[in-house]
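Down below is the structure, laid out as structure tokens.
Throughout, read-outs are computed from the coordinates displayed, never taken from laboratory work. Since we're looking at a predicted model, the values are computed, not measured. Positions of Cβ are generated from backbone atoms using ideal geometry, with glycine treated the same way; all protein chains shown enter the neighbour counts.
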Amino acid sequence: MKLRYFAALTFLCWCFQLGQANALGWKQCYSQAQCGSQEFCGVGENQAPGTCRPSDWWPITPATTKDTSTGVYGSSVFAIGGGAAPADNKPSPNPDFSGVCVIISNVPSSATANSQVIATAVCDKRGTYRIALPPGDYLLKSRRDSNNKSEVVRVKSGTFQWGDLSVILEAP
């Protein structure tokens with residue numbers, strides 16, 4: 001390979017890495033220390049590294065813990081999608097999903113112990129939530145779904161773990 005082609009390829013790869021890390025917002029993180037002051041390290045489902053996410057998009061619920069670098073974030077929406085368009089062709093108003101939306105309990109360490117509600121997360125109008133929690137295992141339950149959709153989440157130090165409790169029903 002000629003030196004100039006190698007140099008051009010190296011430059012393009014380097015520029016793509018800069019664009020990926022900064023301009024496109026794909027900056028990977030393993031802990032909160034790698035994110036900026038207006039970001040948090042959010043780890044998706046079954047992912048080792050997370051990505052630095054903007055804090056203002058995911059408002060934080062006040063919590064009992066002082067460490068705001070660890071916790072859970074996600075979405076808790078109950079909506080009906082699909083179906084025929086309204087006959088009058090008027091756009092429907094955006095729904096308001098704000099309010100208490102997630103009940104958080106500890107996961108008992110033995111079969112005889114009872115789980116105990118330790119916090120509730122508040123969603124914004126979009127149905128997104130974020131709450132600081134100490135590292136540990138938690139049971140998240142939706143307050144939006146009559147079937148009480150739930151998910152067990154393991155929170156690791158320095159990151160926010162994804163907890164999606166959304167239910168979207170498709171109408172015919």
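Between the amide H of A119 and those of I104, distances stay under 5 Å, these residues lying 5 or more places away or on another chain, with hydrogens modeled in the peptide plane. Each residue, S69 and K125, gets one label point 7 Å from its Cα in the Cβ direction; the gap between the two is 3.4 nm.
Partner lysines whose Cα lies under 28 Å from the Cα of K27, excluding those fewer than 8 positions away in the same chain, are identified as K66, K125, K156. Annotation: amide H of W58 has no partner in the under-5 Å range at sequence separation 5 or more or interchain, hydrogens built in the peptide plane.
A cut-off under 14 angstrom between Cβ atoms defines the neighbours of P54, and their net charge, with Lys, Arg +1 and Asp, Glu -1, is +1. For the pair S157 and Q34 in one chain, pulling the backbone fully straight at 0.36 nm per residue adds 43.0 nm over the alpha carbon distance. The string of couplings for the range 152-167 from the Karplus curve (6.51, -1.76, 1.60, θ = phi - 60°) is 9, 10, 9, 8, 9, 4, x, 9, 9, 8, 6, x, 9, 10, 6, 10 Hz, one whole number per residue in order, with x for Gly and Pro. Within 14 Å, Cβ to Cβ, of Q38, how many net charges do the neighbouring residues add up to if Lys/Arg are +1 and Asp/Glu are -1? That sum, taken over residues with Cβ under 14 Å, equals +1.
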